[in-house]
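See below for the structure under consideration.
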Amino acid sequence: MGLQEFWFVLIAVLFTGYFVLEGFDFGVGMLMPILGRGGSASERGARGRSEPGALAADTRRRVVLNTIGPVWDGNEVWLITAGGALFAAFPEWYASMFSGFYFALLLLLVALILRICAIEYRGKIDDPRWRARCDIGIGIGSWVPALAWGWVFANIVRGVPLDADKQFTGAFGELFGPYALLGGLTTGLLFALHGAVFLALKTAGTVRDDAHRIARLLLIPTTLVVGGFGLWTQFAYGSGWTWILLALAVVGLLGGAAALLAGRDGWSFTGTALTVLAASGLLFGALFPDVLPSTIDPAFSLTVDNASSTPYTLKVMSWAAVIVTPVVLGYQAWTYWVFRKRISVEHIPPGIGLTPRVVIEE
């Protein structure tokens with residue numbers, strides 16, 4: 001394996017890690033409005049307080065958001081690292097992709113910024129309307145990237161109109177073909193299921209029960225859409241060895257579904273994580289050795305060879321990656337271990353705003 005191939009694999013690993021980890025973050029944000037509705041009477045009674053519906057709903061939203069609170073910003077580091085590696089290792093790929101997908105990637109970036117600000121500032125102001133607006137920001141900042149990433153990578157695999165100068169010459173509307181739209185729907189549903197399973201793993205009580213219910217509702221549509229997109233990718237763009245990745249995605253999805261129905265949250269999350277990993281690997285496997293195919297003429301396509309930086313640049317970057325990567329992985333693994341416990345409404349301390357809590361006298 002040459003340095004160009006090594007860095008293609010490394011970028012694939014970075015994006016795949018981002019999709020696996022940030023995928024359930026997006027799913028949590030997507031499902032937050034549903035799981036954040038007012039708790040049941042038994043749930044409020046278990047807290048030993050009389051809670052108005054709005055306050056019970058806010059408590060449940062805090063439970064949902066706290067499941068990703070310690071890790072979501074660390075998960076986004078994978079995207080930053082992947083983008084930096086893409087720029088340094090394959091500048092031609094970076095330039096052509098961002099020029100062709102400029103508006104879409106700008107919209108995606110704005111949605112991510114909106115999500116970051118909404119999460120960070122949700123509890124800073126004692127006002128229920130402020131928190132409601134932040135919850136909308138979290139929802140938009142989760143739905144838009146979840147759909148956009150599948151759409152972007154489906155277009156990358158399918159190819160875009162690149163001319164001999166490696167310039168994007170098509171119209172923005174050409175990027176909304178059936179395969180690309182199916183790719184967006186695939187990541188949207190898969191991340192929603194991944195997030196629901198993560199919430200079932202990380203919560204307790206009625207929040208966990210509701211997460212289980214939503215995950216079961218998502219199983220059939222997600223299986224059909226992921227299976228259809230995977231088969232389309234394999235038959236249209238895959239090779240012999242990528243059948244293995246498609247099979248792993250199917251095994252992960254079916255195994256995760258069986259574990260979910262059996263109440264085995266850990267194995268269910270492992271299954272959906274394997275599905276995301278294998279689906280991402282299938283896209284990168286179908287793309288190689290191109291990094292951005294041209295639909296005008298295959299000779300105009302960007303490949304790992306003609307889009308890469310100089311060998312010296314790749315060599316220096318390789319040594320830096322070998323030194324830094326284990327440290328980053330070790331720190332993130334430690335973070336997940338420290339914050340591994342389940343969360344329920346009983347663990348949420350009295351919050352600010354809304355209405356005062358009334359303690360029931362015995």
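What helices (runs of 4 or more DSSP H) completely inside the stretch 90-172 contain at least 2 residues that are under 17 Å from the mean Cα position of the chain (by Cα) and surrounded by fewer than 22 Cβ atoms within 10 Å (Cβ to Cβ)?
Numbers: elements: 91-100, 102-121, 128-158.
Of the helices (runs of 4 or more DSSP H) lying wholly inside the stretch 90-172, those with at least 2 residues that are under 17 Å from the mean Cα position of the chain (by Cα) and surrounded by fewer than 22 Cβ atoms within 10 Å (Cβ to Cβ) span 102-121, 128-158.
Go through the residues of the stretch 327-342 one by one and say whether even a single one is at pLDDT below 85, closer than 25 Å to Met97 by Cβ and either open to solvent by 100 Å² or more (accessible area, probe 1.4 Å) or of a type outside the set (Lys, Arg) (or both).
Taking every residue of the stretch 327-342 in turn, at least one turns out to be at pLDDT below 85, closer than 25 Å to Met97 by Cβ and either open to solvent by 100 Å² or more (accessible area, probe 1.4 Å) or of a type outside the set (Lys, Arg) (or both).
Do we have Arg216 as under 20 Å from Gly27 (Cα atoms), of a type in the set (D, E, K, R) and under 20 Å from the mean Cα position of the chain (by Cα) here? Before you say what the answer is, go through the steps one by one.
Working: under 20 Å from Gly27 (Cα atoms): yes; of a type in the set (D, E, K, R): yes; under 20 Å from the mean Cα position of the chain (by Cα): yes.
For Arg216, the condition - under 20 Å from Gly27 (Cα atoms), of a type in the set (D, E, K, R) and under 20 Å from the mean Cα position of the chain (by Cα) - is met.
Would you call Ala299 assigned to a helix (DSSP H, G or I), closer than 23 Å to Val152 by Cα and open to solvent by 70 Å² or more (accessible area, probe 1.4 Å)?
Values: assigned to a helix (DSSP H, G or I): yes; closer than 23 Å to Val152 by Cα: yes; open to solvent by 70 Å² or more (accessible area, probe 1.4 Å): yes.
Taking the combined requirement at face value, the residue satisfies it.
Could you list all residues from the stretch 269-306 that are under 21 Å from Tyr18 (Cβ atoms) and among the small types (Gly, Ala, Ser)?
Gly271, Ala273, Ala278, Ala279, Ser280, Gly281, Gly285, Ala286
May I ask you to list the residues in the stretch 173-221 that are open to solvent by 10 Å² or more (accessible area, probe 1.4 Å) and not in a helix (DSSP H, G or I)?
Listed by number, the residues that qualify are Phe176, Gly177, Ala204, Gly205.
The values are calculated or read from the model by the stated rules, or taken from the named source; none is laboratory data. Keep in mind it's a predicted model, so treat the numbers as computed, not measured. Because the Cβ atoms are built from the backbone with ideal geometry, glycine has one as well, and the counts that use them run over all protein chains shown. Surface accessibility is based on the protein's heavy atoms, side chains included, excluding ligands, DNA and RNA. Shrake-Rupley method; radii C 1.70, N 1.55, O 1.52, S 1.80 Å.
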